[in-house]
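Here is the structure we will look at, set down as structure tokens.
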Amino acid sequence: MSADIIDGKEIAGEMRQKIKDRVMNLKKKNIVPGLSVILVGDDPASQVYVRNKEKACKDLGIKSKTFRLPRETSQAEVINLIKDLNKDPEIHGILVQLPLPDHVDPDVVIEAIDPSKDVDGLHPVNMGRLIRGQQCLMPCTPHGCIIMIKRTGIDIKGKKAVVVGRSNIVGKPVSIMLLQENATVTVCHSKTVDLEKETREADILVVAVGKPKFIKGDMIKPGAVVIDVGINRLDNGKLAGDVDFESASKVAGWITPVPGGVGPMTITMLMHNTVEAAERLC
Ligand code: NDP
């Protein structure tokens, strides 16, 4: 293996210490940052994510309030709960755990969140502000990716960045953030004609496809920074990223592992956004 590992757990740990300090400062002003998570249904992966978020809140002194709603909950009921939380002065962040059951439209639900409490950064107001380069609550996973790239010490400016995947949650916002860091950005997706040609030219490669070990070492430029967003559960129960770590780590200069890469950063950025939303009240 030649690549250096970008250790998400370590970076997240350092960031959490700083977040803890910010929480302490808020508490001195009698403000306890509060996060509400809404979980509809019993998707096993979502339940794990929500438990991890509750634990992170507890560790950092953030108040968390989780609403576990049955699968049959109507869209109107979810929206009414969000409206109540929008008005609750003790709640600074609201997160709706995705995916939602088919009868609940995630776009409608996300738009019901007060943009100043949208700690997932997915509301059209925050997305729009992100595209315009204005201050906003930034989507957690993409923000975590940028911090990890910066940790390598490479200068993003002028680099060729390739993002594989164009979802609203990861691919699109991370492309915009890389653009704002002055990279030259190419976004690839399922209709891209020659994916390998694109990925082989990338100085920075961010992969968010949802297919285990999809990007192999021979698709990577030697020395590239590779950020693997994917989390895929294999038949043997183990987790794998979207990048084939074994072959990719022989070619890349830096690479994120799965688990222990982007995952811990995502939750940390959620905590960061919750504290930021609370600080704006001061
Ligand atoms: P989506 O399914 O929403 O998007 C997948 C993207 O991959 C789409 O844009 C799709 O293209 C593209 N794609 C699919 N097949 C190909 C192909 N053959 N070639 C090129 N592009 C392709 O996934 P998400 O963005 O939500 O998630 C991606 C992965 O990241 C998942 O494994 C998910 O679990 C993980 N994830 C991890 C997080 C973390 O905290 N670490 C947070 C969020 C997600 P098209 O648009 O054309 O369909």
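Return the only residue of Gly217, Gly230, Gly263, Gly210 being within 11 Å of the ligand (Cβ to nearest atom) and in contact with a helix residue (DSSP H, G or I) (Cβ under 8 Å, 6 or more places away or on another chain).
Result of the check over Gly217, Gly230, Gly263, Gly210: Gly263.
Restricting to the range 126-155, name every residue that is surrounded by fewer than 21 Cβ atoms within 10 Å (Cβ to Cβ) and part of a loop (DSSP other than H, G, I, E, B).
If the condition is that a residue be surrounded by fewer than 21 Cβ atoms within 10 Å (Cβ to Cβ) and part of a loop (DSSP other than H, G, I, E, B), then Gly133, Gln134, Gln135, Cys136, Thr152, Gly153, Ile154, Asp155 are the ones that fit.
Taking the options His103, His123, name whichever one is modelled with pLDDT of 95 or more and open to solvent by 40 Å² or more (accessible area, probe 1.4 Å).
Answer to the check: His103.
Select from the range 234-265 the residues that are under 14 Å from the mean Cα position of the chain (by Cα), over 16 Å from Gly210 (Cα atoms) and not in a loop (DSSP other than H, G, I, E, B) and list them in ascending order.
Scanning the range 234-265 gives Pro264, Met265.
Can you name the residue in the range 1-13 that is over 13 Å from Gly144 (Cα atoms) and either open to solvent by 80 Å² or more (accessible area, probe 1.4 Å) or in the same structural domain as Thr256 (by TED's automatic domain parsing) (or both) and is also modelled with the lowest pLDDT among such residues?
Met1
When the residues of the range 173-219 are narrowed to those that are outside any helix (DSSP H, G or I) and among the hydroxyl-bearing types (Ser, Thr, Tyr), which ends up nearest to Asp244 (Cα to Cα)?
Ser190
Can you name the strands (runs of 3 or more DSSP E) wholly within the range 30-103 that have at least 1 residues being more than 17 Å from the chain's Cα centre (by Cα)?
34-40, 63-69
Residues are listed down the side, and each one gets a yes or a no for (1) loosely packed, with under 15 Cβ neighbours inside 10 Å; (2) in contact with a strand residue (DSSP E or B) (Cβ under 9 Å, 6 or more places away or on another chain):
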{"site": "Thr66", "(1), (2)": "no, yes"}
{"site": "Ser74", "(1), (2)": "yes, no"}
{"site": "Asn80", "(1), (2)": "yes, no"}
{"site": "Leu85", "(1), (2)": "no, yes"}
{"site": "Glu90", "(1), (2)": "yes, yes"}
{"site": "Pro99", "(1), (2)": "yes, no"}
{"site": "Val109", "(1), (2)": "no, yes"}
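Residues of the range 132-150 being out of contact with any Pro (no Cβ under 9 Å at 6 or more places or on another chain) and either of a type in the set (Gly, Ala, Ser) or away from the ligand (no atom under 16 Å from the Cβ) (or both), which ones?
Selection gives Arg132, Gly133, Gln134, Gln135, Lys150.
Filter the range 233-258 down to the residues that are among the charged types (D, E, K, R) and within 16 Å of the ligand (Cβ to nearest atom), then identify the one that is surrounded by the most Cβ atoms within 10 Å (Cβ to Cβ).
Across the range 233-258, the extreme among qualifying residues is Asp242.
May I ask you to list pairs of residues, at least six apart or on different chains, whose Cβ atoms are under 7 Å apart, with the first in the range 68-95 being basic (Lys, Arg) and the second being at pLDDT 95 or above and surrounded by 12 or more Cβ atoms within 10 Å (Cβ to Cβ)?
Arg68/Leu39; Arg71/Val40; Arg71/Gly41; Arg71/Pro101; Lys83/Ala112
The values are calculated or read from the model by the stated rules, or taken from the named source; none is laboratory data. Nothing here was measured: the structure is a model prediction, and the numbers come from that model. Every residue, glycine as well, gets a Cβ built from its backbone with ideal geometry; the counts of neighbours run over all protein chains shown. Surface accessibility is based on the protein's heavy atoms, side chains included, excluding ligands, DNA and RNA. Shrake-Rupley method; radii C 1.70, N 1.55, O 1.52, S 1.80 Å.
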